[in-house]
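**Q** Quick one: the structure is below, and I'll ask about it shortly.
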């Protein structure tokens, strides 16, 4: 039922503009795979190429081992869920859901049966007679999924289908999508610019920038061991310090930065290995920072508290650090210790070398 | 403050004058249809009568023209709607480099004067017929065929504009979704695009028919030896006018008002339905069915009322126009006779006085008909059953409907017939109707 | 090659059936209804007026005599120019310009009023009621003006009853009825483009201008009119083209001694029986129209798509 998808050296160009370059990727059958990147990075282009609406300028796309060149979208074993869902407004819910069967010539009784089954699956039993316009946003979402599943695709492609929903519904739909994927067991390829969606749902994530895949990996790898400054800055928050590599030794790099000498790990996933004398970035996540204790010998940073924000379970504390143009941010779990801090107080911060990441200089994500 | 108020009154006065300019001629013409006088006029008023409607219906030439107009209208609809649809679909797909040229060519018939289109169609088929040595009975010289072809040239462009404006609201993702779900291109066209275009097909057909029905400038050249309603009308109006033409105008005005009222009601209904849907979605309840029923019930009586008032008005007008007309006419004739007699007497007296200079005093011939001879008996009827009254009744009704509609119906694009009466559509509508020029 | 690729894409995109339908129908329209008839008419205007038997024969050669005739008249006439036809042509164009201006002047305030000032049900009712005169055909509308302006029409009756004139004023002979009728006939073609254009203007812009102390005429000149430019050019073009090309209104309302250019064309085709000459005159009218549209596009800096909507 589920097929793997291979992209071999795929290039997609529009005139002189290169929307996707040298994409080399294998998505395993039954996997929940996400493309994550800012808008305009080429992720939707790749999805349209897989679904057959776009022809790659170069390279091959294989689904289930079969080359898809010359096969139109209506004959590919894929189904696409559109960003705006593209439900047919003039049809009822059940007509929408069984459209794929209708065009195959399946008779109405059988289609009704299939529609009822799928309505059950998406938890909308008995709603088949409604018009699409009568449904709420979340319900439409589910109808779109059911409509795509009715085509019995081997690969389901989803183009930011949750972006129109409000936050709460979005979070709910994440869980639901994941559970539907586990139940039907087919390959899901999901496009999003929301890292939360990508990280919570996916088995694997490809982070894209300017038509290039920067890194492929599971959620924890992407987050804890980013392969490039772009991934580090796009996925999650980071404090960033620029400096020169003093030494690289056993997966750890010593970098002299504007805020002092910092020791940080060099991830194995890094696309460019660090060499002594290179310019490098040291990334420290807000939740990895904490107030220094007397026994902390290294990675100490002198800082002045400038602001605090209370978020309930977290405190966000902002510091001014000599040598850093931007305020440094620290997230700490609310343990009731807020009264010990004062604005203007000078403190020392620390981030363990294992939680700091050093990467060769490269493009960053836009703020 | 005072200048402000003055300005306001000036604007209001201007608006009133504008609408008077717009409706005055139609109202006056409508009134003349009910005057039994042989010449279409308001004053002097002879008798209230509907005899001109009878004359209208029994005018063979006019009815013949009407039949041809209907045939031509149907032919033009059958040709120009598919052509307009194809033209619009083509525009969406044509490569961007060719598009401006293509657009210029297919839109040009709207801007080319109607007479030029008529002439070029006539000559083209005439020459073509000559090339094939066709005889004069053949299609190349057939007035009805030529008129259909000539009108189709520009009416297709109107219907194309209707389709374009509808297609601009089409979400291409729907087409892709259908393809992605395994539909073939033809299936996608039939199951997705055509249903979406259905309202536009309806309004393009109505528009095409009206444009064809009203066309004069092109038709007058292409019709050759046949005739249409407009060409018959034009020759009638040019060579002597009589009130049966006013009667035709009244018929058209009443039908228009009637159609406008129905469209307005339909629009209100769809608006109310849409509102009910959005409300049901927002509240997440099943209130929809209830609301839907309620809105149906709200509107149906109004609809029935309009029909009843319309028919009742028509009936009474007809009744009052047939009863007692003969007596009235006789009395008018008598009054006229008396008046003429009086004048003759007067002239005689004058001539006797001024017998020395004969011929200098010419009696003003037939310029003013007697106003004293007005039959008093009809005046009572007039007030109640005059066509203007009937009209304003119907208008008043649709007006009230409007007032109510705006309260709860935001002017959203309706799906119904694409709002033939909606202001945004008027432009193309209007162009269609003026196409004859 | 590019064409081949394009056609291939076109056919895969639409399927064979639909592709053939689209290409066939649009091709028929463009060639057999639009382009070829104009070319034939153009060709025909350069030929002698021959009886059918001689057409295509040795005498069927090209000539510019019909265009010459429009300029210089017949060889027999004493004038060095064809004064009658040229005067009619010029009068038609000038009158059409004035009709256009007249319609613009009376329609702009109404369009502005309906679009920006009037509120709610009233505005809707007024807009709706604008259409009613439109469904009444052009000839009937001209007829209505004949009733009103006739020698014993409503206006003359009123004038005489008030004692302003003693004899009926010859409105028809003086062409006043024609001007009023032409202006009336195309009023709505002016008002709807204007209305649609002005309606989409954000009220805040007007209020901002007023707030900045701009007098009302400057608000219109600097804010509303520039914004409504496409509508203005569309309305003016349509009204001009339709009045210059009008036939019914001049036939019905025109005075006996004055002609409209379209009437001359009509005469060559009917009573005159000289089709080639009529074609030549029609070509002149067509070229005038094209020049006018190009002028409007240039002066107002609008695209064709904005004019013909």
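**Q** Cβ contacts < 7 Å: first residue more than 9 Å from chain B (Cβ to nearest Cβ) and at pLDDT 75 or above, restricted to region C:153-166; second residue surrounded by fewer than 10 Cβ atoms within 10 Å (Cβ to Cβ) and assigned to a loop (DSSP other than H, G, I, E, B), any location; separation 6+ or different chain. Result?
**A** Listed pairs, sorted by first residue: none to list.
**Q** Further, regarding this structure: In this structure, is residue A:309 outside the structural domain of residue A:38 (by TED's automatic domain parsing) and assigned to a helix (DSSP H, G or I)?
**A** In short, no.
**Q** Pairs, please: C-beta under 7 Å, at least 6 apart or cross-chain, first residue more than 7 Å from every other protein chain (Cβ to nearest Cβ) and farther than 24 Å from residue B:126 by Cβ and in region C:17-40, second modelled with pLDDT under 90 and buried (at least 16 other Cβ atoms within 10 Å of the Cβ)?
**A** Cβ pairs passing all conditions: C:19/C:10.
**Q** Inspect all residues belonging to region B:206-221 and state whether any of them is away from chain C (no Cβ under 13 Å) and either modelled with pLDDT of 90 or more or part of a helix (DSSP H, G or I) (or both). Even if it seems obvious, please write down each step before you answer.
**A** The first filter runs over region B:206-221 and keeps only residues away from chain C (no Cβ under 13 Å), leaving B:208.
From the residues that got through so far, the ones that are either modelled with pLDDT of 90 or more or part of a helix (DSSP H, G or I) (or both) too are B:208.
Among the residues of region B:206-221, at least one is away from chain C (no Cβ under 13 Å) and either modelled with pLDDT of 90 or more or part of a helix (DSSP H, G or I) (or both), which makes the answer yes.
**Q** Looking only at region C:260-301, which residues are within 21 Å of residue C:99 (Cβ to Cβ) and in a loop (DSSP other than H, G, I, E, B)?
**A** Across region C:260-301, the qualifying residue is only C:260.
**Q** For residues in region B:224-240 being surrounded by 20 or more Cβ atoms within 10 Å (Cβ to Cβ) and facing chain C (nearest Cβ under 10 Å), which is farthest from residue C:271 (Cα to Cα)?
**A** B:229
**Q** For residue B:96, which of the numbered conditions (1) farther than 27 Å from residue C:17 by Cβ; (2) not in a helix (DSSP H, G or I) fails to hold?
**A** Of the numbered conditions (1) farther than 27 Å from residue C:17 by Cβ; (2) not in a helix (DSSP H, G or I), the odd one out for residue B:96 is (1).
**Q** Would you confirm whether or not region A:320-336 contains a residue that is farther than 17 Å from residue A:236 by Cβ, in contact with a strand residue (DSSP E or B) (Cβ under 7 Å, 6 or more places away or on another chain) and in a strand (DSSP E or B)?
**A** Yes, region A:320-336 contains a residue that is farther than 17 Å from residue A:236 by Cβ, in contact with a strand residue (DSSP E or B) (Cβ under 7 Å, 6 or more places away or on another chain) and in a strand (DSSP E or B).
**Q** Do we have any residue at all in region A:20-27 that's more than 14 Å from chain B (Cβ to nearest Cβ), out of contact with any helix residue (DSSP H, G or I) (no Cβ under 7 Å at 6 or more places or on another chain) and surrounded by 23 or more Cβ atoms within 10 Å (Cβ to Cβ)?
**A** The first filter runs over region A:20-27 and keeps only residues more than 14 Å from chain B (Cβ to nearest Cβ), leaving A:20-27.
Okay, now just the ones that are also out of contact with any helix residue (DSSP H, G or I) (no Cβ under 7 Å at 6 or more places or on another chain), so A:21-22, A:24-27.
Now narrow it down to the ones that are surrounded by 23 or more Cβ atoms within 10 Å (Cβ to Cβ): A:27.
Yes, because at least one residue in region A:20-27 is more than 14 Å from chain B (Cβ to nearest Cβ), out of contact with any helix residue (DSSP H, G or I) (no Cβ under 7 Å at 6 or more places or on another chain) and surrounded by 23 or more Cβ atoms within 10 Å (Cβ to Cβ).
**Q** Would you check if residue B:186 is touching a residue at least 60 places away in the same chain (Cβ under 8 Å) and within 13 Å of chain C (Cβ to nearest Cβ)?
**A** no
**Q** Would you confirm whether or not region A:54-62 contains a residue that is crowded, with 16+ Cβ neighbours inside 10 Å, within 14 Å of chain B (Cβ to nearest Cβ) and over 28 Å from the mean Cα position of the chain (by Cα)?
**A** No, there is no match, as no residue in region A:54-62 is crowded, with 16+ Cβ neighbours inside 10 Å, within 14 Å of chain B (Cβ to nearest Cβ) and over 28 Å from the mean Cα position of the chain (by Cα).
**Q** Based on this model, can you work out whether residue B:127 counts as out of contact with any helix residue (DSSP H, G or I) (no Cβ under 6 Å at 6 or more places or on another chain), without any contact (Cβ under 8 Å) to a residue 12 or more places away in the chain and assigned to a helix (DSSP H, G or I)? I'd like the intermediate steps shown before the answer.
**A** Details: out of contact with any helix residue (DSSP H, G or I) (no Cβ under 6 Å at 6 or more places or on another chain): no; without any contact (Cβ under 8 Å) to a residue 12 or more places away in the chain: yes; assigned to a helix (DSSP H, G or I): yes.
Answer is no for this residue.
**Q** Residue B:5: out of contact with any strand residue (DSSP E or B) (no Cβ under 7 Å at 6 or more places or on another chain), assigned to a helix (DSSP H, G or I), modelled with pLDDT under 80 and surrounded by fewer than 18 Cβ atoms within 10 Å (Cβ to Cβ), yes or no?
**A** Here the answer is yes, as residue B:5 does meet what is asked.
The rows are residues; the columns are (1) under 25 Å from residue C:302 (Cα atoms); (2) within 8 Å of chain C (Cβ to nearest Cβ); (3) under 30 Å from the mean Cα position of the chain (by Cα).
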residue	(1), (2), (3)
B:95	yes, yes, no
B:98	yes, no, no
B:101	yes, no, no
B:108	yes, yes, yes
B:111	yes, yes, yes
B:115	no, yes, yes
B:119	no, yes, yes
B:123	no, yes, no
B:134	no, no, no
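**Q** Let me ask you something else. So if I check each of C:101, C:182, C:178, which one is assigned to a helix (DSSP H, G or I) and either at the interface with chain B (Cβ under 8 Å from one of its Cβ atoms) or surrounded by fewer than 24 Cβ atoms within 10 Å (Cβ to Cβ) (or both)?
**A** After ruling out the rest, the residue left standing is C:101.
**Q** While we're on this one: Do we have any residue at all in region C:216-232 that's within 11 Å of another protein chain (Cβ to nearest Cβ), at pLDDT 80 or above and assigned to a helix (DSSP H, G or I)?
**A** yes
**Q** What about residue A:216, is it assigned to a strand (DSSP E or B), touching a residue at least 60 places away in the same chain (Cβ under 8 Å) and in contact with a helix residue (DSSP H, G or I) (Cβ under 9 Å, 6 or more places away or on another chain)?
**A** Working: assigned to a strand (DSSP E or B): yes; touching a residue at least 60 places away in the same chain (Cβ under 8 Å): yes; in contact with a helix residue (DSSP H, G or I) (Cβ under 9 Å, 6 or more places away or on another chain): yes.
Against the criterion (assigned to a strand (DSSP E or B), touching a residue at least 60 places away in the same chain (Cβ under 8 Å) and in contact with a helix residue (DSSP H, G or I) (Cβ under 9 Å, 6 or more places away or on another chain)), residue A:216 qualifies.
**Q** Counting only residues that are farther than 16 Å from residue B:17 by Cα and assigned to a helix (DSSP H, G or I), how many does region C:124-146 have?
**A** Initially, region C:124-146 is screened for residues farther than 16 Å from residue B:17 by Cα, giving C:124-125, C:128, C:131-132, C:134-146.
Among the residues that remain, those that are also assigned to a helix (DSSP H, G or I) are: C:124-125, C:128, C:131-132, C:134-135, C:138-146.
Of the residues in that region, 16 qualify.
The values are calculated or read from the model by the stated rules, or taken from the named source; none is laboratory data. None of the values given here were measured: they were computed from a predicted structure. With ideal geometry, Cβ positions are generated from the backbone for all residues, glycine too; neighbour counts draw on all protein chains shown.
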